[in-house]
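The values are calculated or read from the model by the stated rules, or taken from the named source; none is laboratory data. The structure presented is a predicted model; accordingly, all values stated were derived computationally and were not measured. Every residue, glycine among them, receives a Cβ derived from its backbone with ideal geometry; neighbour counts consider all protein chains shown.
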Amino acid sequence: MRVRIVFTDIDGTLTINRRSYRLALKAVEALRLLVDKGVIVSLVSSNALPIVVGLSRYIGLNGPVVGESGALVYSDEWGIVELTNMSARGVYLDLLEKYSEYVDDSWQNRFRLYEYALKMREKYLGRAGEIVDEMRRYVESRHEGYTLEYSGYAIHVHAKSVGKGVAVKYILDKLGISSSEALGIGDSVMDVDFIKYLGYRAAVGGSDEELLKYCNTVAESPSGFGLAEIISRVLNGMGDEDSSE
Ligand SMILES: O=C(O)COP(=O)(O)O
């Protein structure tokens, strides 16, 4: 197994479970270990870019990051790279008004450029799937070229051409690394978009069923604890390869 770059989602993948924002310290330690071994680690998230850049910096990671579900990429060397020019602001404002019974605004929207988020109101979380499907039908019939997805943390409204996969391919291409040497780790159906292109495809325990269909490794432990488990398998695999050389 030769992994040169690891792309990992944040919410539900580095956290202690799929509802919390609290990082699993085991996950932080595992990512740092990868960096120390010379592996590039990139965060791939639907969060606003400043959150992703900040987190990457303070954890001590070394790779380019993806924010706004793939609309934006950042690295110290490249600066902010915009992978779309289609802002979903008008679409999100329409949804916020029309579906105000079900969804609330996200504070992060003041810091977003292209992709916008809505939070499902607590009392409707049990009906999230059905409400999201209805909202998607509305968006796709009224706003050509736009769609929405649900991560379990928020509903993300963006141009159809925007995706975590487009951004991950952009990074691989710029760095000259083959997708066969890349590992992707996620927890939600939104992660299928980038994981499906990569040579090594892993899901943490408790992931969405849809994601599991695309993965060749599934952790037993949930969320960030599962990520630590996957990384220890990778590091052991790399050790085997080194000792056989
Ligand atoms: O902001 C969200 O809804 C999810 O963020 P993530 O892409 O890091 O899981």
- Which of the residues belonging to segment 109-130 are surrounded by 20 or more Cβ atoms within 10 Å (Cβ to Cβ) and either in a helix (DSSP H, G or I) or touching a strand residue (DSSP E or B) at 6+ places or on another chain (Cβ under 7 Å) (or both)? Y114, E115, Y116, A117, L118, M120
- Message: Just the residues that are in contact with a Ser or Thr (Cβ under 7 Å, 6 or more places away or on another chain) and farther than 17 Å from Y214 by Cα, please, taken from segment 152-197.
- Response: G152, A154, H156, H158, A159, K160, S161, V162, I171, L172
- Selection status of G224, assigned to a helix (DSSP H, G or I) and closer than 19 Å to S45 by Cβ: yes
- So which residues in segment 1-58 are within 16 Å of the chain's Cα centre (by Cα), within 16 Å of S221 (Cα to Cα) and of a type in the set (G, A, S)? G12, S20, A27
- Query: Quick one: in segment 6-50, which of the residues that are small (G, A, S) and buried (at least 18 other Cβ atoms within 10 Å of the Cβ) is farthest from K169 (Cα to Cα)?
  - Reply: A24
- Query: Taking the condition in the same structural domain as V73 (by TED's automatic domain parsing), in a helix (DSSP H, G or I) and either touching a strand residue (DSSP E or B) at 6+ places or on another chain (Cβ under 6 Å) or surrounded by fewer than 17 Cβ atoms within 10 Å (Cβ to Cβ) (or both), does A202 pass?
  - Reply: no
